[in-house]
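The structure appears right after this line, and notes come after that.
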Amino acid sequence: MTLGARDLVLGYGGAPVIEGLSLQIASGRITVLVGANASGKSTLLRALGRLLRPEAGEVLLDGKAIATLSTREVARRLAILPQGPVAPEALTVRQLVAQGRYAHQRLLRRWSAEDEAALASALEATDIGDLASRPVDQLSGGQRQRAWIAMALAQQTDLLLLDEPTTYLDLAHQVSILELVAELNVRDGRTIVMVLHDLNQAARYADQIVALRKGAIVAAGPAAEIITEATVRTVFDVDVRIIDDPVTGGPLCVPATTVRASPAGRC
Amino acid sequence: MISGLRLRLLPAPAPGAARTPLVLVTTALVGLATFVVTLGLGEVSVAPADVVRALIGQADGDGAFVVTELRMPRALVACCVGAGLAAAGVVLQGLTRNALAAPELVGVSAGAHAAAVVVIVLLPDLPTSVLPACAFAGALATSGLVYGLSWRRGTSGSRLLLVGIAVTTVGYAIVLGVISTVEDLIHASQLVTFMAGSVYGRGWPELGAVFPWLALLLPLVALSIRELDALALGDPVARGLGVRVEAARLRLLVLAAGLAGSAVAVAGPVGFVGLMSPHIARRLVGGAHGPLLATSVLLGATIMLLADALARLAFAPIDVPVGVVTAVVGAPYLLWLLVRGRTNPE
């Protein structure tokens, strides 16, 4: 499974958000798109997941332009979870996750043993088997996000695209969702592309970071190479110091200026 | 965010697939009992056992005639109307992800009604069986209009309702304008009754006009139920799952217009059945659209039967339009929804 983009021009009718972007996603790795607000990272992810049709250029899935494939065919190879999805009222976790099987079903071949197995393994991977009969709208934010990820997993694709999967979650749930994503990558070898807001989380979980600024790629590569004071200043317009993450040894970035740290020091 | 109104009506437990068969059987039995009992009620009173005997052809005489030839066709029309409006409500609420989307609230019923009245007045010789097709055209035109005016930017509850009110107002203006040209007063008063929503005097011809539509469209909706389930998760999620979003939405919209249009063609714009039935069903079987559709259809038919029985009996011998009864029950319900429901800030 390979996913890439060639000479992409993306926009929403007005001035293009992204102009002439090319990119190759590393197979079997976690790629994280980072950038300031309105840098085009979510737009790029939506285009990679064929939720947004390019104005020019193409997204290539296994070497073929994604626009020429049927959406059902795409859904069997690539799952995309948009940002902040809302489930209808009174839908159970099981009913939500089961919808991940849509692309594998046919008009007259509905729920099969294969579908049931995919559902069970998605619930197990996300550790929400005991919530299966609970309504999604009664779950906590973290559990709900797990249910949505389980739905995407039920598609049984090698490629998984996630748009800010940790938004609106408290720190504990953010960590648990990112650990889950890392596990899906390590255990099953899934290729994962996600948009993250937090640069340090990106540094910790990404094999490859793609940093965007104003719709163009500023830098792309492993965290250790990308997270530098110069790059972060270019991408986010903020001065930072980079120190070693005491847990992983990778880069950890902290803002360099604050009125609270006067040279005289404070108690 | 286009979640619209999200409802907390009863302190509902987790409704789920497991309960669905029980609910369906119970609802069907209640519906059947309602059918039998209400057929026996009226100026000529017939005991339920005799109604059953008449229905299976084991009785004759005046009572049997009243049941099978006078009351039954009207009751069956009421069932079809309730079922069609309820099914249209399920589809529209799922498509728009908005609990207020019901054919009578978003203007679809008004469009169907206006088209039907125009045809009735201008082409009086047209047979009843053609009316549903005309109403369907009117429903289709208004749903297209509502789609264009409110769907594109997400269907927040207030926006959808406002567009619905505007479209309904135009529809009624057309209807009143057309009725004012009618010189025959009896005909005009019939049209006004039709405007309130009524199955008075409906019989086999009307049943023959509405039933085929229901029999054709309900299975087609059932075949699109997975697409409806997916669209209820929002367009981006649905496309990610592999649904051809625009095609599926257009297909479901046409089906909803057909269901609402054929119901309105024979009974006028009966209010609130298309709103209430899916809500009650959602409390009973949850949000998956397969069980929801089946339960709503049964509930819609039952509600219409009950409402029409009330309409016949409450002020007998005056036959009140059934739409008045559904409005008396439904309007407070809608107000309650608006007050109790968590409205979307958008």
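Derivation of every value follows stated rules applied to the coordinates shown; laboratory data play no part. Computed from a predicted model, the values in this text were never measured in an experiment. All Cβ positions, even for glycine, are placed from backbone atoms using ideal geometry, and neighbour counts span all protein chains on display.
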- Kirkwood-Stokes translational diffusion coefficient of the protein assembly as shown, alpha-carbon pairs, 20 °C, 1.002 mPa s, µm²/s: 80 µm²/s
- Item | Residues listed by number, segment A:51-93, amide nitrogen under 18 Å from B:ALA247 label point at 7 Å toward C-beta | A:51-53, A:66-77
- Query: For A:ASP7 and A:SER27, what does the FRET efficiency come to when R0 = 22 Å and r is the distance between their Cβ atoms, rounded to the nearest 0.05?
  - Reply: 0.55
- So how compact is chain A: Cα radius of gyration and Dmax in angstrom? 19.6, 75
- Query: If one computes the Cα centroid of segment A:1-36 and of segment B:102-125, what distance in Å separates the two points?
  - Reply: 50 Å
- Using the alpha-carbon centroid of each, what span in Å lies between segment B:274-346 and segment B:223-269? 21 Å
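Before anything else, pin down the relative contact order of segment B:20-340: Cα pairs under 8 Å, at least 6 apart, normalised by residue count, whole percent.
About 31 percent, as a whole number.
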- Count, for each residue of B:227-235, the Cβ atoms from other chains sitting within 10 Å of its Cβ, then give me the mean as a whole number. 4
- What list do you get for B:SER262, A:SER176 if you sort them by fewest beta carbons within 10 Å? A:SER176, B:SER262
- Choose one of B:TYR333, A:ILE18, B:ALA133: the residue whose Cα lies farthest towards the positive end of the charge dipole of the protein assembly as shown (beta-carbon charges +1 Lys, Arg; -1 Asp, Glu; about the Cα centre). A:ILE18
- Item | Average beta-carbon neighbours from other chains, 10 Å sphere, peptide A:92-104 | 5
- On average, how many beta carbons from a partner chain sit within 10 Å of the beta carbon of a residue in B:240-252? 5
- Note on the structure: So, with points 7 Å from each Cα along the Cβ direction, the A:HIS197-B:VAL170 label distance in nm works out to 4.1 nm
- Rounded to whole Hz and in sequence order, give me ³J(HN,Hα) for segment A:138-152 from the Karplus expression 6.51 cos²θ - 1.76 cosθ + 1.60, θ = phi - 60°, writing x for Gly and Pro. 9, 8, 6, x, x, 5, 4, 5, 4, 5, 5, 5, 4, 4, 5
- Task: With 20 Å bins from zero, work out the P(r) of segment B:20-340 over every alpha carbon pair and list the percent per bin.
- Result: 34, 57, 9, 0
- Query: GNM, chain B, Cα, under 10 Å: largest mean-square fluctuation among B:VAL192, B:VAL322, B:VAL108?
  - Reply: B:VAL192
- With +1 on each Lys and Arg Cβ and -1 on each Asp and Glu Cβ, how big is the dipole of the protein assembly as shown about its Cα centre, in debye rounded to the nearest 20? 620 debye
- Return the single residue from A:GLN105, A:GLN201, A:GLN174 with maximal mean-square fluctuation; model: Gaussian network over chain A, springs between Cα atoms under 10 Å. A:GLN105
- Item | Environment charge of B:VAL23, counting only residues whose C-beta is closer than 15 Å and scoring Lys/Arg +1, Asp/Glu -1 | +3
- Item | Summed side-chain charge close to B:ASP60 - residues other than B:ASP60 whose Cβ falls under 13 Å, Lys, Arg +1, Asp, Glu -1 | -2
- Note on the structure: Distance in nm between A:ASP245 and B:VAL44 label points, each 7 Å along Cα→Cβ, equals 8.5 nm
- What fraction of the DSSP beta bridges in the protein assembly as shown is antiparallel, stated in percent and rounded to the nearest 5? 60 percent
- Task: Give the distance, in whole Å, between the Cα centre of segment A:208-239 and the Cα centre of segment B:26-70.
- Result: 78 Å
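For the protein assembly as shown, what is the calculated [θ] at 222 nm in deg cm²/dmol (nearest 500), taking -39500 (n - 2.57) for each run of four or more DSSP H residues and dividing by its residue count?
On the way: 24 runs with 323 residues, N = 613.
Calculated at 222 nm, the ellipticity per residue is -17000 deg cm²/dmol.
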- Message: Pick from B:GLY261, B:GLY107, B:GLY31 the residue whose mean-square fluctuation is largest in a GNM of chain B, springs joining Cα atoms under 10 Å.
- Response: B:GLY31
- Task: Report the FRET efficiency, 1/(1 + (r/R0)^6), for A:GLN138 and B:ALA33, where r is their Cβ-Cβ distance and R0 is 30 Å, rounded to 0.05.
- Result: 0.30
- Kindly provide the trypsin sites (Lys or Arg not before Pro) of segment A:166-254 that DSSP labels as loop, not H, G, I, E or B, and whose Cβ sees at most 15 other Cβ atoms within 10 Å. A:LYS214
